[in-house]
Amino acid sequence: MSKSIPELYGSLVFNDSEMKARLPKDIYKALAKTINSGSHLELDVANSVAVAMKEWALEHGATHFTHWFQPMTGITAEKHDSFLSPTGVGEAIMEFSGKELVKGEPDASSFPSGGLRATFEARGYTAWDPTSFAFIKGHTLCIPTAFCSYSGEALDKKTPLLRSMEAVSKEATHLLHILGKTDVKRVNTTVGAEQEYFLVDKECYRLRKDLIFCRRTLFGAPAPKGQEMDDHYFGSIKPRVEAFMEELNEELWKLGIPAKTEHNEVAPAQHELAPVFESVNVAVDHNQLVMELMKKVADRHDLACLLHEKPFEGINGSGKHNNWALSTDTGENLLNPGKTPAENTQFLLFLAAVVEAVDDYADLLRISVATAGNDHRLGANEAPPAVVSMFLGEELEAVVDSIKSETYFEGKGAVQMSIGPKVLPHFTKDNTDRNRTSPFAFTGNKFEFRMPGSSLSLSGPNVILNTAVAESLAGFCKVLEGLTGSELDLAIHKLLKDTFTDHARIIFNGNGYTDEWLAEAKKRGLPNLKSTPEALPHLIAEKNIELFTKHHVLTKEELFSRYEILLEDYAKTIHIEAKTMEEMVQKDFLPSLFSYVNDLACTGSTKKELVPGITTKAEEKLITKLSGLADTISDELDTLKDMIGTAEGMDDYLKAGTYYHDTILAEMETIRLAVNDAEVLIPEDYLPYPTYDALLFYI
């Protein structure tokens, strides 16, 4: 690294310091007002910003600009236009106007719209989001934007997120004003996204059609060693992986992405990257860049980065923990309990609001992480169950219990940890342990939502969290509005008691992996939405439509469009997997199996010719076993083909999705097991693809 980290950090970002240095004072102040308070941006301001932004980009070698947006595909989109403008005399100048900065017009007909737009209704708009800084990627100036249709419907992931941020800020600020903190003008949601991923050798990756088309393996007998020795988690990082991580960090730091922590994860070949907290809008943008850069940097190191939630059977899959908090524009974390949480009224009110929100909208939180890939991971003793619950920890649960029972809470105070040897330092013990089995856990001054899958855009989960908490806070404000002094204190006390009592069922500090918890959750009436097709219809339940429309986060039409898109995506994902399995078995695996059986038969015949009367028991045993498995695989493949044909004839995506989940996935599992049984009997040089051994351990 030729530059120090401070020199490198944000060097490819048109950030606040660049704007302050390059813009006239009045223009900078007007732009800062737009960013900080959401006020309208005038065209003359946009023109000045565009000129400065262009000059800065040209200095860094940029030749093009793009409106960088996040359609409902879950990944980013961009169309590059050059700054070049011919003068008409065989020359050219480099131009970029305020209009080009604030608005673009991509074709909206080829992106998912869930029925909001017909194919012939092609016009769409992108609109500059000044709260997320422009950056340079390659030779292109990337301008983060929202994406909407000609008639104004949100066609992206960013717009609802920005709306939800405004909703929770409005209600949180209102509550703080009731509590006397009238200096607060805005409350911001902050997020830190822990990104898990796998790295495999690129040549091995290229030989696996399932990884290329499906992003996960459809077959693969377990390697002799998996994760049972617990020796990969936090283990020494291999040189090849370390080189990848070093370059990745540099690329992220250049883009102002605060990559902080890196380590090996539990499964072999699995790793994690975690950044410092940022405003949720910026954090979501940055996480998209993290995933994109992971793939690009891995490729340069002859590796392939796998972001699927369950790329390998039999070992842990990958998630993306969403660490969520609320902070004021005065710098206060509203989820910080302080030294005496039982006496911290403000903290308890915001805690109660989150508890109520998670209980009332647990179905939406489950839906926000519902994908075909994540269904393989949730509830598999490696990730939280599909039942949403909250972990508060021993101390906070005791505080909540004392409020419910109106009894005195006696805290333990600070406890010093002493490990034994005098040479080791003493330190203060945390108030609570960590519960890795909880879907939604309080971890000291934030909530960690652990259900999101590794490839997911974090926009969806945070839209749900922000909007649901905004609803709870709005209810609190309605109860407390206009009260002061002792009346306010009494009303807060009653509100806390009622809220914690009414929503106690969502709090669970035990082991979420056990069958006993699932039985208990059922008794409590908590929803257990085990699959995506089972979960998605809840998105358009009346209470959820009312939530989104009330807070102006999504219209009814926008909500239904997302329901259709999610269903369609699920069905198409399983369809691609089923077709890939069909091709791999028919064209690759069975021919390899037959080739080996043929060679075994030839070996047996040759032995008998050379040594009459010699036994060929071993060859015959293998031939019999493999031939039986080949018959099973062939028969089951015929069944799968028929099922695919049935699914292709369905025009209702909910019906198709349910059929894919209940019928086709079960048939695919039958074929997987038979192929795996055969794989362990066939030498590797006959197999048409690399085994789990090569994929997981040969880096």
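The values are calculated or read from the model by the stated rules, or taken from the named source; none is laboratory data. The model shown is predicted, which means the values in this text are computed figures rather than measured ones. Here the Cβ positions follow ideal geometry from the backbone for every residue, glycine too, while neighbour counts run over all protein chains shown.
Condition first: assigned by TED's automatic domain parsing to the domain that holds MET668, in contact with a Pro (Cβ under 9 Å, 6 or more places away or on another chain) and within 30 Å of THR691 (Cβ to Cβ). Can you find one or more residues in segment 595-612 that meet it? So that I can check it myself, show each step before the final result.
Keep residues of segment 595-612 that are assigned by TED's automatic domain parsing to the domain that holds MET668, which gives 595-612.
Next, only the ones that are in contact with a Pro (Cβ under 9 Å, 6 or more places away or on another chain) stay: 596.
With within 30 Å of THR691 (Cβ to Cβ) added as a condition, the list becomes 596.
Yes: segment 595-612 contains one or more residues that are assigned by TED's automatic domain parsing to the domain that holds MET668, in contact with a Pro (Cβ under 9 Å, 6 or more places away or on another chain) and within 30 Å of THR691 (Cβ to Cβ).
Do you know which residues across segment 1-18 are over 25 Å from ALA30 (Cβ atoms) and of a type in the set (D, E, K, R)? Correct list: LYS3, GLU7. In segment 219-265, the qualifying residues are those that are charged (D, E, K, R) and part of a helix (DSSP H, G or I), and the one that is surrounded by the most Cβ atoms within 10 Å (Cβ to Cβ) is GLU251.
Only one of the numbered conditions (1) within 19 Å of the chain's Cα centre (by Cα); (2) part of a loop (DSSP other than H, G, I, E, B); (3) among the hydrophobic types (A, V, I, L, M, F, W, C) is violated by LEU335, and that is (1). Among the residues of segment 234-257, those identified as touching a residue at least 60 places away in the same chain (Cβ under 8 Å) and within 22 Å of the chain's Cα centre (by Cα) are TRP253, LEU255, GLY256. With respect to the conditions (1) touching a Phe, Trp or Tyr at 6+ places or on another chain (Cβ under 8 Å); (2) surrounded by fewer than 20 Cβ atoms within 10 Å (Cβ to Cβ); (3) modelled with pLDDT of 95 or more, VAL191 lacks only one, and its number is (2). Quick check on LEU554: is it at pLDDT 95 or above, aliphatic (A, V, I, L, M), under 25 Å from the mean Cα position of the chain (by Cα) and not in a helix (DSSP H, G or I)? Yes; evaluated as a whole, the condition is true for this residue.
Looking at ALA370, ALA380, ALA342, which is the one that is within 30 Å of GLY180 (Cα to Cα) and not assigned by TED's automatic domain parsing to the domain that holds TYR660? Full working, then the answer.
On the way: ALA370 fails: within 30 Å of GLY180 (Cα to Cα); ALA380 fails: within 30 Å of GLY180 (Cα to Cα).
When all the criteria are applied, what remains is ALA342.
Listed by first and then second residue, the pairs linking a residue in segment 304-327 that is hydrophobic (A, V, I, L, M, F, W, C) to a residue that is in a loop (DSSP other than H, G, I, E, B) and surrounded by 24 or more Cβ atoms within 10 Å (Cβ to Cβ), with Cβ atoms under 6 Å apart and 6 or more places separating them unless they lie on different chains, are LEU307/SER454. ILE614 passes every criterion in (1) in contact with a Lys or Arg (Cβ under 6 Å, 6 or more places away or on another chain); (2) at pLDDT 95 or above; (3) farther than 18 Å from TYR686 by Cβ; (4) of a type outside the set (Phe, Trp, Tyr) apart from (2). Summed over segment 508-544, the residues that are in contact with a strand residue (DSSP E or B) (Cβ under 6 Å, 6 or more places away or on another chain) and within 26 Å of GLY373 (Cβ to Cβ) give a count of 3. Listed by first and then second residue, the pairs linking a residue in segment 422-450 that is aromatic (Phe, Trp, Tyr) to a residue that is modelled with pLDDT under 95 and part of a strand (DSSP E or B), with Cβ atoms under 9 Å apart and 6 or more places separating them unless they lie on different chains, are PHE427/GLN416; PHE427/MET417. For segment 178-199, the criterion of being touching a strand residue (DSSP E or B) at 6+ places or on another chain (Cβ under 8 Å), part of a strand (DSSP E or B) and of a type in the set (D, E, K, R) is met by at least one residue. Candidates in segment 317-348 are the residues that are crowded, with 23+ Cβ neighbours inside 10 Å and of a type in the set (S, T, N, Q); of these, the one that is nearest to ASN381 (Cα to Cα) is SER318. Yes or no: segment 266-274 includes at least one residue that is touching a strand residue (DSSP E or B) at 6+ places or on another chain (Cβ under 6 Å), under 30 Å from GLU583 (Cβ atoms), assigned by TED's automatic domain parsing to the domain that holds LYS446 and in contact (Cβ under 8 Å) with a residue 60 or more places away in the chain. Within segment 266-274, one or more residues are touching a strand residue (DSSP E or B) at 6+ places or on another chain (Cβ under 6 Å), under 30 Å from GLU583 (Cβ atoms), assigned by TED's automatic domain parsing to the domain that holds LYS446 and in contact (Cβ under 8 Å) with a residue 60 or more places away in the chain.
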